[in-house]
Amino acid sequence: MNTRVKASAPRSSSAAPRVVRSHQSTGQKQRSHSRPSAQPRSRATVPRQRHLQPVRTPKKKTQIFKVRRNPFVAAPSLKKRLRWALAVLLVLLAVLVRQVSELQIFGGDQFRAAGEDIRVRATTLPAERGAIFDRTGQEIAMSVPMRTLYADPKAVTDPVGAAKAVSSMMGFDAAKEAELAATFAARESNFSFIARQVDPKIVKAIIALKIPGIGSYEEPARTIVGASAKSVIGKTDTDGVGTAGLELKYNDILTGTNGRFVREQDNQGRSIPGSNSTEVEPQPGQDLVLTLDRSIQYQVDQILAEQVARVGARGGTAMVMNSKTGDIYAMANVRRNADGTFTNTSGNFAAVDAHETGSVAKVFSVAAAINEGAIAPETTFHVPGAQVFDKFLIRDAYPHPLQEMTVKEILVKSSNLGTVLAAQRISSPTLESYLHSFGFGSKSDLDLPDESAGILKPVKKWQGTEKITVAYGYGFASTSVQLLSAVNVIANNGVYVAPRLVSAVIDQNGKTKYLEQSSAHEVLKSSTAEQMNLMMRDVICYGTGTKAQIPGMTIAGKTGTGYKIQSDGTYGTDEGGRKYFASFVGFLPAEDPQVTVLVSIDEPDAGSRDRFGGTAAAPVFAEIGGVVARELRIKPAATTQPCGRVDPYARANEAAH
C-alpha cells in the first residue's frame, strides 16, 4: 500500500515530530485528519514506499547549548582545581594588601626612617665659641682651628692596615693600634672617633694617604693665651662646653648655635646626583670683656710663682682690684705639683678655699669699735702678755709684760690681746653685724662656680673662746675674694664695693652691651675710714708690714698669719708642729687709693722665718704694687711723705717681731 505524507503547518518548537503510519491491507482507507492541500494532486502516480519518515522541525537552541557544555560538566576534577587556584590567589592578594598597608600606613615612618638612615648623612657644623677679652681688648681665651680624625668602620676595607697607618702617623702605642683595628673590623657603626682636636698638619698628612673609611672635620679647640688667668677663665671639654670658671658660668653666652649640613649619598659616600641638600649656617657665640688686665695678670702669675717656690710653700694666691670700682685686674693661683714644680692651677682657690684670716681681721674689729664711737686711735689699754679666757690661756702675738698701749700701737704691732680689749667695747652682736657688712659669711657678687661663702656662725653659736678670738681672726673663715673686698672698704672711704670680673658682652653683630657697675653700700663713716687709713700706713712704716714698702709710694696695709686647722679639728699637725697661712692686704697710693692688692702664701716652710704674713706675703705685695703702678701709670700723690726715720712705737728692750 502506498503511504501519503501530508504537508501540515509548522508547530511550535515544543511539539514533537509527528509520524503518519500507513495502514495494512485491511480493505480500509486511511482518513486524513488534516485539511486537503490547496494544489491539485498530480495525476502521475509514484510508487509509495512503505517506511517511516520523520517530519522535520527546527532544532532548538537550548539543545545546541547543552550539547556544547556537556564536556565541561563531565569534568568535576578540573572545576575543583580551578576553585583551589582561585582561593590561593585570593589569599595571596590579601597578604599583599596587608603588606602594602603596613608599609604605607602603619610602618611607613619606620621604613622611611630606615631608608633615610642608609642614604642620608647629616653633618653638624660646630659654632665658634665666643672669645674672652681683657679690659684692653686683648684676647685671653679663644678657639683655634683644629681637626678631628674619625673613621667609618663599615667603609674600611683593610682594618689592620688602616689602624697601622693611622697609628704610625698619630704616634699611638700598640694598645691603641690594636683597639683601632678591632673597632674597624667589628663594623658595628658607621662612625667612630680616632682622635679629636688634632694638629691640622698631622690630619692633612693622614688624609693624603686616602685610606678608605678615614675622614676628618674641623673642630675648634679652646686655648688660653699664655695660660694666664687659667684659674679664672676655667676650661671646656672636647665638645666645647664650659666645665669650670667663667667658661662654665657664662657658658650659655659663649656658646653659639651649631649649623647643620644634610645630603644624600650612595654606598660609596658620594652625593647622589639630583638629590636635595640642606645647609644651616652656624651662629657664633657672644664674646666676653673682662676686667682683667692680661699684662698685669701675667706678671702677677710670675711673681707669685717665684715666691711660692722660694719659701717652699704649698701654693699661693694674689689679687689686684680697682679700689673704687671693684674691677679685678688680676687673680692668680699657684700650686705645687707632685714633682715639686709650681704652676698656675685651673682651680680658682681665691674664691673656693676659705681660711681663718689671722691678724688682718683686726682691721675690722678696730674699725667697728671706732665707728661705734667706743674707742679712738689714741684710746689706751693695759695689755697683758697673756690672759686666761674661759679656762684657756691666750698669749699675745709676741711676748711682753703688762703695758699700756694705744689703739694705734695695738694695730701697728698686731697685738691680739690689745685687739680683744678694744673689741670688747662693743657687743658681740654688733661685731657680727659689722663682719657681715664687710662681706663675710656670704658669697661675693662674682658668684663663681663652687665659690665659698666662708664661715661666719651666728653670734648665738659663738662658744667659749670664739667670743674672744673672732676679734683677731680666729673663729671665722674667709676666702681671698672676701678678704680683699673687706679691706678695700678702708681704701674706698668706708664704702663696700662688690668685686667684678665681667664688664661687657659683645653680640654676634659686634654690638657691645656694658654690664652694670658693682653694687655698693656704706660700712664705715668716711672719718673712720680715714683714721684706719692713717693707722695702716704706720703698719707699713713701723709695724709688721715694713717689707711691703715701695720707694716713693705711700702704702697702707695689714699683715696676717693664721694657723691652719687640721683634719682632727685642731691646729697641731701629727708631728706636733703647725701649718701657716700667711697674708698681706694693702692699697696704694694711701693718700688716694687706686688699687687694693692681696697676697696669701699657703703653708710656707713652718721652720722658716718666712712663714709670717710680714715676711712671706708682704714682699710679694711690694713687687706686685710696683708692676701695677707702672702698668696703670699710678703716680705718687703730691703730699706723699716718706716713713719717718724714728719709730714712734719703739720700746726699750722690746724685740722686733
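The values are calculated or read from the model by the stated rules, or taken from the named source; none is laboratory data. Just so you know, these numbers come straight off a predicted model, no measurement behind them. Note: ideal-geometry Cβ built from the backbone for every residue, glycine included; neighbour counts use all protein chains shown. Protein only, heavy atoms only, side chains kept; ligands, DNA and RNA dropped before computing areas. Shrake-Rupley method; radii C 1.70, N 1.55, O 1.52, S 1.80 Å.
Annotations
- Residues being open to solvent by 50 Å² or more (accessible area, probe 1.4 Å) and in a loop (DSSP other than H, G, I, E, B) - total across region 285-304: 1
- Region 329-350 residues that are closer than 9 Å to residue 230 by Cα, paired with ones that are among the aromatic types (Phe, Trp, Tyr) and open to solvent by 40 Å² or more (accessible area, probe 1.4 Å) (beta carbon under 7 Å, 6 or more apart): 333/349
- Any chance residue 475 is over 30 Å from residue 516 (Cβ atoms), in a loop (DSSP other than H, G, I, E, B) and either modelled with pLDDT of 95 or more or touching a strand residue (DSSP E or B) at 6+ places or on another chain (Cβ under 9 Å) (or both): yes
- Residue satisfying condition, being buried (at least 24 other Cβ atoms within 10 Å of the Cβ) and under 41 Å from the mean Cα position of the chain (by Cα), within set 441, 473: 473
- For region 558-578, a residue qualifies if it is among the small types (Gly, Ala, Ser), under 39 Å from the mean Cα position of the chain (by Cα) and open to solvent by 60 Å² or more (accessible area, probe 1.4 Å), and exactly one does: 567.
- Evaluation of residue 596 against the conditions (1) open to solvent by less than 10 Å² (accessible area, probe 1.4 Å); (2) part of a loop (DSSP other than H, G, I, E, B); (3) hydroxyl-bearing (Ser, Thr, Tyr) shows that the sole unmet condition is (2).
- When 168, 189 are checked against the criterion of being at pLDDT below 95, out of contact with any Gly (no Cβ under 8 Å at 6 or more places or on another chain) and assigned to a helix (DSSP H, G or I), 168 stands alone in meeting it.
- Residue in region 599-628 that is least open to solvent (accessible area, probe 1.4 Å), counting only those that are farther than 18 Å from residue 295 by Cα, charged (D, E, K, R) and outside any loop (DSSP other than H, G, I, E, B): 602
- Annotation note: Cβ proximity below 7 Å between a residue of region 512-541 that is open to solvent by 60 Å² or more (accessible area, probe 1.4 Å) and a residue that is assigned to a helix (DSSP H, G or I) (sequence gap 6+ or interchain) occurs for 525/371; 531/370.
- The residue that is most open to solvent (accessible area, probe 1.4 Å), counting only those in region 187-223 that are acidic (Asp, Glu) and under 30 Å from residue 133 (Cβ atoms), is 218.
- Residue identified as among the basic types (Lys, Arg) and over 29 Å from residue 633 (Cβ atoms) among 578, 537: 578
- Any strands (runs of 3 or more DSSP E) falling wholly within region 309-350 and containing at least 3 residues that are in contact with a helix residue (DSSP H, G or I) (Cβ under 6 Å, 6 or more places away or on another chain): 315-322, 328-336
- Residues in region 476-500 that are of a type in the set (Val, Ile, Thr) and surrounded by fewer than 23 Cβ atoms within 10 Å (Cβ to Cβ): 495 alone.
- Qualifying residue in region 564-586 (condition: outside any strand (DSSP E or B) and touching a helix residue (DSSP H, G or I) at 6+ places or on another chain (Cβ under 8 Å)): no
- Taking the criterion of being in a helix (DSSP H, G or I) and either surrounded by fewer than 17 Cβ atoms within 10 Å (Cβ to Cβ) or touching a Phe, Trp or Tyr at 6+ places or on another chain (Cβ under 7 Å) (or both), the residues of region 629-641 that qualify are 630, 631.
- Residue list for region 544-567, restricted to those being of a type in the set (Gly, Ala, Ser) and modelled with pLDDT of 95 or more: 545, 548, 556, 557, 560
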